[in-house]
Amino acid sequence: DQQVKQNSPSLSVQEGRISILNCDYTNSMFDYFLWYKKYPAEGPTFLISISSIKDKNEDGRFTVFLNKSAKHLSLHIVPSQPGDSAVYFCAASAAYGKLTFGQGTILTVHP
Amino acid sequence: KAGVTQTPRYLIKTRGQQVTLSCSPISGHRSVSWYQQTPGQGLQFLFEYFSETQRNKGNFPGRFSGRQFSNSRSEMNVSTLELGDSALYLCASSLLAGTSGYNEQFFGPGTRLTVL
């Protein structure tokens, strides 16, 4: 039972444009959501998070939107840069120390 | 501030052996979580420790175990290794004890385990 889903395995974007990565979840007990970026052979790097009491959180070029009624969150990267090319994971939390991850989306930003 | 460190970075074992992986959290972090990453299953939660107590456990067999020491360092052990245990094992630490509302975890580089 996959409680967190990233339905797009990959996304290709031109440098300078917006990247939108999407994530859906099924467990209504999730109350905290996070996005991580990962390069091969490295651990995930924390990007941005959002509590379920908010619907938007911004940090520089990264903005996360949460739609609780639709059980959907998205990560917007504006403007996209070639260095943003990586695998992006969304994760959700409902219990101590436990994150449930989506399968990841490979983002490629072309110069 | 130093990040999460994991040792060893790479490990090759044969079926039936056991292995112990080590994780040192960020200074001041008291919660340590472990994850397994495989191509087929993605990132899956193994267990979490806080103040030397396991607070949460994922759906893994009893061959997977862990512990945390008083200095917050953690180890995980896998006994009777199987081919399917080949994976990247990631450790993450978190500052706040607490409720799931504040659970930003910071990951180490992982230990790549290969079982032959």
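The values are calculated or read from the model by the stated rules, or taken from the named source; none is laboratory data. On a predicted model such as this, the values are computed, not experimentally measured, just so you know. Neighbour counts are summed over all protein chains in view; Cβ atoms, including those assigned to glycine, are modelled from backbone coordinates with ideal geometry. Each accessible area value is taken on the protein alone, full model and side chains, heavy atoms only, with ligands, DNA and RNA left out. Shrake-Rupley method; radii C 1.70, N 1.55, O 1.52, S 1.80 Å.
Descriptive notes on the structure:
- Annotation: amide H-H contacts under 5 Å for residue B:30 (H modelled 1.01 Å from N, sequence separation of 5 or more, or interchain): B:94.
- For residue A:86, residues with placed amide H under 5 Å, excluding near neighbours: A:107
- In this structure the amide hydrogen of residue B:56, modeled in the peptide plane, comes within under 5 Å of the amide hydrogens of B:48, none closer than 5 places in sequence on its chain.
- Shielded residues, segment A:86-103 - accessible-area loss of 40 Å² or more between chain alone and all protein chains, probe 1.4 Å: A:96, A:97, A:98, A:99, A:101, A:103
- Look at the stretch A:5-12: the mean tally of other chain Cβ atoms within 10 Å of its residues' Cβ atoms is 0.
- Surface share of carbon and sulfur [accessible, 1.4 angstrom probe, percent] for chain B: 51 percent
- Accessible area per residue for the protein assembly as shown is 47 Å², calculated with a 1.4 Å probe on protein heavy atoms, without ligands, DNA or RNA.
- Largest GNM mean-square fluctuation among B:84, B:62, B:40, using chain B with Cα springs under 10 Å: B:40.
- Proximal lysines relative to residue A:68, as straight alpha-carbon distance under 28 Å, when same-chain residues fewer than 8 apart are discounted: A:5, A:37, A:38, A:54, A:56, A:98, B:57
- Fraction of accessible area attributable to carbon and sulfur, segment A:1-77 (%, probe 1.4 Å): 46 percent
- Residue among B:94, A:46, A:25 farthest towards the positive dipole end of the protein assembly as shown, charges placed on Cβ: B:94
- Charge dipole of the protein assembly as shown about the Cα centre (unit charges at C-beta), most positive-ward option of B:4, B:77, A:12: B:77
- In segment A:15-45, burial by the other protein chains removes 50 Å² or more of accessible area from A:32, A:41, A:44, compared with the chain on its own (1.4 Å probe, ligands and nucleic acids ignored).
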